[in-house]
2 protein chains.
Amino acid sequence: MYRTTTCGALRLSNVGEQVTLAGWVQKARRMGGMTFIDLRDRYGITQLVFNESVVGEALVAEAEKLGREYVIQIVGIVSERENKNPKLPTGDIEIAVASLRILNPSEVPPFTIEDDTDGGDDLRMKYRYLDLRRSCVRSNLELRHRFALAVRRYLDAEGFLEVETPVLIKSTPEGARDFVVPSRMNPNQFYALPQSPQTFKQLLMVSGFDRYFQIVKCFRDEDLRADRQPEFTQIDCEMSFVEQEDVLSIFEGMTQYLFKELLNLDIPMPFPRMSWHEAMKRYGSDKPDTRFGMEFVEVKDVLQGHGFSVFDNAAYIGAIVAPGAASYTRKQLDALTDFVKRPQVGASGMVYARIEADGTVKSSVDKFYTQETLQSLATETGAKASDLILILSGDDAMKVRKQLSELRLEMGSQLGLRDKTKFSCLWVVDFPLFEWDEETQRFYAMHHPFTSPKPEDIPLLDSDPGAVRANAYDMVINGVEVGGGSIRIHDSKLQARMFDLLGFTPEKAQEQFGFLMNAFKYGAPPHGGLAYGLDRFVSLFAGLDSIRDCIAFPKNNAGRDVMIDAPSLIDQEQLDELHLRLTPATK
Amino acid sequence: MYRTTTCGALRLSNVGEQVTLAGWVQKARRMGGMTFIDLRDRYGITQLVFNESVVGEALVAEAEKLGREYVIQIVGIVSERENKNPKLPTGDIEIAVASLRILNPSEVPPFTIEDDTDGGDDLRMKYRYLDLRRSCVRSNLELRHRFALAVRRYLDAEGFLEVETPVLIKSTPEGARDFVVPSRMNPNQFYALPQSPQTFKQLLMVSGFDRYFQIVKCFRDEDLRADRQPEFTQIDCEMSFVEQEDVLSIFEGMTQYLFKELLNLDIPMPFPRMSWHEAMKRYGSDKPDTRFGMEFVEVKDVLQGHGFSVFDNAAYIGAIVAPGAASYTRKQLDALTDFVKRPQVGASGMVYARIEADGTVKSSVDKFYTQETLQSLATETGAKASDLILILSGDDAMKVRKQLSELRLEMGSQLGLRDKTKFSCLWVVDFPLFEWDEETQRFYAMHHPFTSPKPEDIPLLDSDPGAVRANAYDMVINGVEVGGGSIRIHDSKLQARMFDLLGFTPEKAQEQFGFLMNAFKYGAPPHGGLAYGLDRFVSLFAGLDSIRDCIAFPKNNAGRDVMIDAPSLIDQEQLDELHLRLTPATK
């Protein structure tokens, strides 16, 4: 028996008990003939005291040799503390140590094991096993554990069966780039790792499983960003005999349950819904952050025809009103102008107008506009005294909206309107079925090729595919797309038509997805579903900026695990067995 | 709304209600102006009746067009059945159909969707999505779902945290063959898929996670057998500050809980324990089926020195007593002899001795033995009237025992002693730390290189490594090793010594496992754990012969998924991106 209890359990009611504890030395200090040690484990911190006058010199000498992160075991008596620490659940007691055993010494760790550590990102990733000792990191993973359990509890109660689908599957050219796995038993052939279990969950619906889910690793070989990892986890769900309304209702119920169980927050149902077109128009984004207003107002009517050529030539002029920001300094406004000018945007420079305390409007383009016109602008946008109007314009309405959306989010952050402890849930619905790609001159599926068009839009498939709306929906919380899905196609002919529109030859469609189209010939039920990004969802609940912080062993932006040093070279023998040769990489 | 209820829900109490149902046509039959259809979904079967005199010719004509596996939706009134079917939960009622809608027609399926199907293995695997419609197949997956949930419930209550470890890791030469994944971002380097999360779970212990588990996919690129799949699922667990006793106690508790929750069986605790040496001596196996006795009796003392050279020259002579099998015919005995002679065994031919009703013994080697000696044999083995003694002998005791173990299992099956609804649990403990491999002339770790030796055997590491016992344990149920584990090494020097004994140079050990040995320098706690094979465990609970039957989409013996046709060729462009070239495979 290494311990009789943990470092988080003892209270005043335990005073007088003999206990055995084991854990890590958090810190040690010497004070007036006494040595105090904070002993840490996952459950908490307990103060140990070595009283020289009681236990003798030898034990105290040994205690003084203990360094940070030593693993020790002690036996002692629970005693009431003189100087209680109200910040610790165990702060009323300490252990008068009678015996000490060092279970494992520790070298001095490369950074301090404190919430407020002195270790930089790279160092903490290399020694991730030490980083994970910090309670602020571990608590994210504890939340993830409880989150996943709550998801399973809810879905099980709703009749969903968790079914594991294969990881070694088949490479498909559609979607993101696959990771592939050479097969030794089938030389020159490759498995692919799934980007999602999409086709398998649809096959389970064909199999009559009725309600399926899986919390499952997925893989995409894409260039990485802060919120992307080559392997990530989905909560993958599918239901049969459902319409969009059924799916939304089940999953807003799940979300409400999760908020209540994990954060003790009451989220009202049903969630607001917004069409994709409306979201683009009001927020310039298909995942608007609806914790705050600052909605777009189109102000072409007010501002064109007054001789300001930037506006006069614009296809779109949009404004947002930043409440109370009229006091922004020149420097702050210049910084915003710079923010807007960041690369890859299409708007002309930012124009602003302040509403002074007396109601007069001062703008950066005063020489083109009368006070009367500027007052109309204030009226049109709803700006009031001490507000700041920010205006972007340009030729390409979509691009300007995207940029105005970024500006809106930035202003929301600056004005403290994006509180991480407040949550605003939204369904974005009625996505376009296709996106046109200029470069390859073809349509791509906005969600994926299995998404069904709205029945009333099916005739448009022939005449105007770009106008077809999909039975697709995203759940957006605080501007984060936590999940998305659709009602699927369950008719093999319609599915074949989709592949045709996506530029597949019938042969290619058959080769890649023949098993699915074939399955649809044997009584496929109407079905639909949705997948959540677990990493994102948990990050949102934990108030994290990056999904990495809720992943135990994440990879860096080059796809490397710097702790284990993977990927790495493999033996020639392994390559030979796989019938592979390497070709030199040209950087 | 596609349905108001399911095909398994309606009872007499619902009579008179109007319902909407959706599902698959199981079968249709016509009888005296009525058409009856069995409508099926995951939840059950409900009988539909189309009464021509009520609903008219048109609807009945449409109903008659319905083929097997059509997906339909009906509206009708719940009515009491005249001919009740006590075998169905819904057998007291039927639905008087008022309207019918075909949601999706079906081609004639390639085999019947019945428990007792006419489809062969290959056909069912190709159309696995139809095979999964059979309730006997689906119920295995439902059990798997409930099994995994119960595991999570138990472990969560015991303070275990489920932590996801990475799938894209590093290839290691020890153990089975890795599947590898070429990295595009790190050209000429490869990830490996994990054979188990062993090192990661140990790092989590170093991180102070204290109690970890994960239900997780693992991968081995090995030649396949009926009970092996290239991807399989483990229940992976690890605990800190524990000794062997703590681990065994938690996990026999879990097993007891699972039996109670899922099969409503009471399994007594603690489970019996047997050392590896004892298991080999008494059963010739490290995973003995203890549902029945028939233990080995060594009979060298009785049978040597009587002029029968086969026995006289044998290093080992072992007997088992098959109760009541004295009546075995010559043909049955010949079949057993053939069974014993199957390839890859080392024993000489099988010798038998029957105990007649009057107590006399008749053996196949009567000419060498007196009745008195044969009576001693009976006494020694405990054989009684009408029993059959089966004897194997040979030079290599281990090989003969292995063969006698097979014979014992075969006899247990033939005599009906291996009832699939009875369960006998056992811990096998004190495994040898190493196995000697003649071919490569080196030691291999019997479990894995992280298993700790028994402290009292550590001095033997230098003098007699083969005699060192490990702190390792397997859970065996009905002769199936469902799980196994060990107390791990947590000392970096001892770990380095282990790698040395396993033939690693210090450089190779550092390259492969440096991160782990390094981690041990920063305060690693004593820890140990265990991993269950989920597929095997569920198969055992479901009484299945192959783990394939509890896997939704298994692969065949060539590692192929014949349904989706994977693995497959990939595009030249993909190979180029990965800097790979294929070399021709020579068969």
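What follows draws every value from the coordinates through simple rules; no lab data is involved. Just so it is clear, the structure is predicted and the values come from calculations on it, not from any experiment. Here the Cβ is made from the backbone with ideal geometry for all residues, glycine too, and neighbour counts use every protein chain on show.
When the Cα convex hull of the stretch A:292-414 is projected onto planes of every orientation, the mean area is 6.7 nm². Are there trypsin sites (Lys or Arg not before Pro) in the stretch B:14-88 that DSSP puts in a loop and that have at most 11 other Cβ atoms within 10 Å, and which ones? Listed in order of number, the matching sites are B:Lys87.
Only sites in a loop by DSSP and with at most 15 other Cβ atoms within 10 Å count here; which GluC sites (Glu not before Pro) in the stretch A:333-421 make the cut?
Details: sites: A:Glu356, A:Glu372, A:Glu380, A:Glu406, A:Glu410; in loops: A:Glu356.
Of the GluC sites (Glu not before Pro), the ones in loops of the stretch A:333-421 whose Cβ has at most 15 other Cβ atoms within 10 Å are A:Glu356.
Does the stretch B:276-324 come out rounded, prolate or oblate, given a ≥ b ≥ c as the square roots of the eigenvalues of its C-alpha gyration tensor, rounded meaning a/c under 1.5 and, failing that, prolate meaning a/b above b/c? Oblate, since a/c reaches 1.5 and b/c is not below a/b. As a proxy for reagent exposure, B:Met269, B:Met498 were ordered by neighbouring Cβ count within 10 angstrom, fewest first; the result is B:Met269, B:Met498. Note on the stretch A:62-165: semi-axes of the ellipsoid equivalent to its C-alpha gyration tensor, largest first and rounded to whole Å, are 36, 22, 15. So if I take the centroid of the Cα atoms in the stretch B:3-75 and the same for the stretch A:384-463, what is the distance between those two points in Å? Using only Cα atoms to place each centre, the spacing works out to 46 Å. A:Gly466 label point (Cα plus 7 Å toward Cβ) to equivalent points in the other copies: 7.9 nm, shortest first.
For the stretch B:413-445, the list of trypsin sites (Lys or Arg not before Pro) that fall in a loop by DSSP and count at most 13 other C-beta atoms within 10 angstrom reads B:Lys420, B:Lys422.
Rounded to the nearest 10 degrees, the angle from helix A:244-258 to the longest Cα principal axis of chain A is 30 degrees. Label sites at A:Lys300 and A:Thr112, each approximated as a point 7 angstrom past Cα along Cα to Cβ, lie 5.9 nm apart.
For the stretch B:326-388, the residue among B:Ala378, B:Ala347, B:Val361 whose Cα projects farthest onto the positive side of the dipole built from Cβ charges is B:Ala347. Based on the Stokes-Einstein relation at 37 °C and a viscosity of 0.692 mPa s, and on the Kirkwood radius from alpha carbon pairs, the stretch A:12-104 is assigned a translational diffusion coefficient of 252 µm²/s.
Could you let me know the centre-to-centre spacing of the stretch B:482-540 and the stretch A:134-153, using Cα atoms, in angstrom? Using only Cα atoms, the two centres lie 26 Å from each other. Here the stretch A:308-346 and the stretch A:255-280 have alpha carbon centers that stand 31 Å from each other. Apply the a/c threshold of 1.5 to the C-alpha gyration tensor of the stretch A:497-587 and tell me whether it is rounded, prolate or oblate. Note, shape of the stretch A:497-587 comes out oblate.
With the largest listed first and rounded to whole Å, the semi-axes of the equivalent ellipsoid of the stretch A:377-522 from the Cα gyration tensor are 40, 19, 13. The amide H of B:Arg469, built 1.01 Å from its N in the peptide plane, has B:Leu433, B:Lys454 as neighbours under 5 Å, considering only residues 5 or more places off or on other chains.
Rounded to the nearest Hz, the phi-derived 3J(HN,Hα) couplings of the stretch A:56-70 under the Karplus curve 6.51 cos²θ - 1.76 cosθ + 1.60 (θ = phi - 60°) are x, 5, 4, 5, 5, 4, 5, 4, 6, 7, 5, x, 4, 6, 4, where x marks glycine and proline.
Summing +1 for each Lys or Arg and -1 for each Asp or Glu among the other residues whose beta-carbon sits under 14 angstrom from that of B:Leu303 gives -4. Can you give the local net charge around A:Met475? Use residues other than it whose beta-carbon is closer than 9 angstrom to its beta-carbon, Lys and Arg +1, Asp and Glu -1. Counting the neighbours of A:Met475, the net charge comes to -3. Residue-wise HN-Hα couplings along the stretch B:419-430, as the Karplus relation 6.51 cos²θ - 1.76 cosθ + 1.60 with θ = phi - 60° gives them from phi, are 5, 5, 9, 9, 10, 10, 9, 7, 9, 9, 10, 6 Hz; Gly and Pro carry x. Derived scalar couplings between HN and Hα for the stretch B:348-362 equal 6, x, 6, 10, 10, 8, 9, 9, 6, 4, 8, x, 6, 10, 10 Hz in order, rounded to whole Hz, by the Karplus curve 6.51 cos²θ - 1.76 cosθ + 1.60 (θ = phi - 60°), x for Gly and Pro. Along its three principal directions, the equivalent ellipsoid of the stretch B:338-388 from the Cα gyration tensor extends over semi-axes of 24, 12, 10 Å, largest first. Values of log10 I(q)/I(0) for the protein assembly as shown across q = 0.05, 0.08 Å⁻¹ run -0.44, -1.07, by the Debye formula with one identical scatterer at each alpha carbon and no solvent.
Taking the longest Cα principal axis of chain B as reference, the axis of helix B:397-414 is set at about 30 degrees. Taking the DSSP beta bridges with both ends in chain A, the antiparallel portion is around 95 percent.
Amide hydrogen proximity for A:Leu161: with H placed 1.01 Å from N in the peptide plane, the residues at 5 or more positions away or on another chain lying under 5 Å are A:Arg211, A:Tyr212, A:Phe213. Label-point distances for B:Gly514 to the equivalent site in the other copies, using a point 7 angstrom along Cα→C-beta, read 4.9 nm when ranked shortest first.
With contributions of -39500 (n - 2.57) from each DSSP H run of at least four residues, the per-residue ellipticity at 222 nm computed over the protein assembly as shown stands at -8500 deg cm²/dmol. Partner aspartates and glutamates whose Cα lies under 16 Å from the Cα of A:Lys260, excluding those fewer than 8 positions away in the same chain, are identified as A:Glu252.
Amide H contacts for B:Ile93 (H built 1.01 Å from N in the peptide plane; partners 5 or more residues away or on another chain; cut-off under 5 Å): B:Arg81.
The Cα atoms of chain B define a convex hull whose projected area, averaged across directions, is 36.9 nm².
Ranked from shortest, the separations from the 7 Å Cα-to-Cβ label point of B:Leu569 to its equivalents in the other copies are 3.2 nm. Cβ-to-Cβ counts within 10 Å put A:Tyr127, B:Tyr43 in ascending order as B:Tyr43, A:Tyr127, the fewest first.
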